[in-house]
């Protein structure tokens, strides 16, 4: 689409870099930039926008996928359909390594390859995470990443349409959001059922004073015109990209193959066409400021750092065993119920007329199912606060748990594609997540080929303690469903454990688990001797001029959806980089 009918301003790999030959010294005319950003995902787009606010600098963004600037990529529901290859931006599915803790099952790892990354296809949920998450990071030795330090950046990045008078919400940032709308009766019934179990009903989960055990309306990244707000549309939309085209260079369909180091300093990047449409290898150099490499998974860093590289014939620049370790994700357990098909998204897929009606309603500017997230309501709780038998919130509460460790997402659709939903049947899911997993996974190279997908071991259920909150979460879901049915709603069992006995629940968990696509902490901020990869300014240990800024640097995974914390890290990283440039 672009601005005023022009196409989105981009460079090809040939225009962005200079021809590169490994055997030759770099020519003096090598194309140079003040900042090179490898990976235009949720963090990369934000970082590029903030750094290019300075008209005196030049910024190059290399993104493996396309811009994908098409109308349906901004429709909330259509763009969230990651299984529809004809509509979604390029979504790459890669089989995980067999999960040893779960009968060797293999699940698909998702990577959204388009400018904006995962924010182009996710459920658009705007959750910062509880204060306890960030204060926990501070106790781990990162006081500058505690809640009080991050609070200004949370507000800076957003424009909240539904909480305009809130002291803790932003009103003028680029990332527009609003409270979601409920379109299905079953979700209204869940809110009533949750209250009966003692869960607080709150309207803003991002309130720093929100209780731990809540049923909450969620905020969705959707603007006034019912369009998806992604890191791409918020931070590098066509208008901004065109206005800054002299200093902000965006190169899609480019994959980095090597970071160039001189005397321990990152000085440039070697890259190629990701779809092989342009032959050859190209090189871009940075002019002595800072090089940043945000990635949706910390893959580029893995190519050049870490003690496992020798087996692939790659000589490490510095020995950082922590690279690619400590991978965390929120394991998801779908509990599903049959509901009247008219009360589910399945109605749109089974009825041509219903689908056309909702599409026409959206195109005419009336908010409906297509203009909303599929997950408007979630339940958060700490498992120690729940009664073992009834799942009701205990009174008085135990002193443990200043942040939730379980979430139940309410989804008016089947939350797994592993089971066929018969025609004419509607399904409602309670997707259970363990928000504070103890199990750790890893990211490792499959080969020395930079185009090859890595080996990702999610490590789910490798620590027995992870079963404890999941068992409590399963029982909470069953109590909620029973309460909904008791209210007169026609809810029937569809996909559930054989019983609530531990052995049946555990077997169900192992057979039905899925990823929630919240990959994080595999290049984490920690002391180097503790397996850390970056310091508190996100600088990679042992080299200069290289930072990593995305969810992979979280000290540990937050107890919420990860999009907003990721963007907030990029906001602060941009300030750190600007401050560093001033003293050089």
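So how far apart, in nm, are the two label points at residue 529 and residue 465 if each is 7 Å from Cα heading toward Cβ?
So the two model labels end up 2.3 nm from each other.
Is the shape of region 93-142 rounded, prolate or oblate, going by the alpha carbon gyration tensor and its root eigenvalues a ≥ b ≥ c, with a/c under 1.5 for rounded and a/b larger than b/c for prolate?
Because a/c hits 1.5 or more and a/b fails to exceed b/c, region 93-142 counts as oblate.
Quick check on the chain: helices-only [θ] at 222 nm, where DSSP H runs of length 4 and up contribute -39,500 (n - 2.57) each and the sum goes over total residues. Nearest 500, please.
-6500 deg cm²/dmol
Stokes-Einstein at 25 °C, 0.890 mPa s, Kirkwood radius from Cα pairs: D for region 160-241 in µm² s⁻¹?
After rounding, the answer is 170 µm²/s.
What do you get for the angle between helix 147-157 and the principal long axis of the chain? Use alpha-carbon atoms, 0 to 90 degrees, nearest ten.
Taking Cα atoms only, the helix is inclined about 80 degrees.
Among rounded, prolate and oblate, which fits region 380-494 when a ≥ b ≥ c are the square roots of the eigenvalues of its C-alpha gyration tensor, a/c under 1.5 means rounded, and a/b larger than b/c means prolate?
The shape class here is oblate.
What is the Rg over Rh value, at two decimals, for the chain, using alpha-carbon atoms and the Kirkwood definition of Rh?
0.96
Sorting 159, 503 on the 10 Å Cβ count, fewest up front, what's the list?
503, 159
Where does region 487-535 land on the Kirkwood hydrodynamic radius, alpha-carbon pairs, in angstrom?
Computed over region 487-535, the radius equals 14.9 Å.
Once R0 is set to 25 Å, what does the formula 1/(1 + (r/R0)^6) return for the Cβ-Cβ distance between residue 486 and residue 389, expressed as a FRET efficiency to the nearest 0.05?
Efficiency, from the Cβ-Cβ distance: 0.90.
Give me D for region 45-182 in µm² s⁻¹, whole number, from Stokes-Einstein with Rh from the Kirkwood sum over alpha-carbon pairs, 37 °C and 0.692 mPa s.
Rounded to a whole number, D works out at 180 µm²/s.
For helix 502-512, report the angle its Cα long axis makes with the longest principal axis of the Cα atoms of the chain; keep it between 0 and 90° and round to the nearest 10°.
Helix 502-512 sits at roughly 50 degrees to that axis.
Could you tell me whether region 46-119 comes out rounded, prolate or oblate from its Cα gyration tensor? Rule is a ≥ b ≥ c as square roots of the eigenvalues, rounded for a/c under 1.5, then prolate if a/b exceeds b/c, otherwise oblate.
Oblate shape, in that a/c is at least 1.5 and b/c is the bigger or equal ratio.
Given R₀ = 51 Å, what would the calculated FRET efficiency be for residue 84 paired with residue 166, taking r from the Cβ atoms and rounding to 0.05?
That gives a FRET efficiency of 0.90.
Sorted by mean Cβ packing within 10 Å, highest first, what order do the peptides 507-519, 343-355 take?
Order by mean packing, descending: 507-519, 343-355.
Put a dot 7 Å past each Cα toward the Cβ at residue 578 and residue 366; how far apart are the dots in nm?
4.5 nm
Take the alpha-carbon centre of region 192-257, take the same for region 429-445, and report the distance between them in whole Å.
Answer, in whole Å: 21.
Modelled label-to-label distance, residue 399 and residue 318, 7 Å Cα→beta-carbon offset: nm?
Placing both labels 7 Å beyond Cα along the Cβ direction yields 4.2 nm.
Only bridges with both residues in the chain count here: give the DSSP antiparallel percent, nearest 5.
Within the chain, antiparallel bridges account for around 75 percent of the total.
How far, in degrees from 0 to 90, does helix 467-486 lean away from the longest principal axis of the Cα atoms of the chain, to the nearest 10?
50 degrees
How do the peptides 274-283, 185-194 rank, highest first, by the average count of neighbouring beta carbon atoms within 10 Å per residue?
Top of the packing list down: 185-194, 274-283.
Please list, by residue number, everything in region 119-161 whose backbone N is under 12 Å from a paramagnetic label point 7 Å out along Cα→Cβ of residue 202.
128-133, by backbone N distance to the label point.
For a quick check: sort 269, 107 by the number of other beta carbons within 10 angstrom, fewest at the front.
Going from sparsest to densest Cβ surroundings: 107, 269.
Please report the relative contact order for the chain, taking Cα pairs under 8 Å with a sequence separation of at least 6, and give it as a percent rounded to a whole number.
RCO, the chain: 21 percent.
Rank-order 387-399, 172-184 by packing density, defined as the average count of other C-beta atoms within 10 Å over each peptide's residues, highest first.
Ranked from most to least packed, the peptides come out as 172-184, 387-399.
Does anything in region 104-119 have its amide N under 20 Å from the 7 Å Cα→Cβ label point of residue 242, and if so which residues?
115-116
How much length, in nm to one decimal, is gained on full extension between residue 14 and residue 181, taken as 0.36 nm per residue of separation minus their Cα-Cα distance?
55.5 nm
Read the figures in this text as sums done on the coordinates, not as results from a lab. A quick note: this is a predicted structure, and the numbers were derived from the prediction, not measured. Cβ: placed from backbone, ideal geometry, glycine included. Neighbour counts: every protein chain shown.
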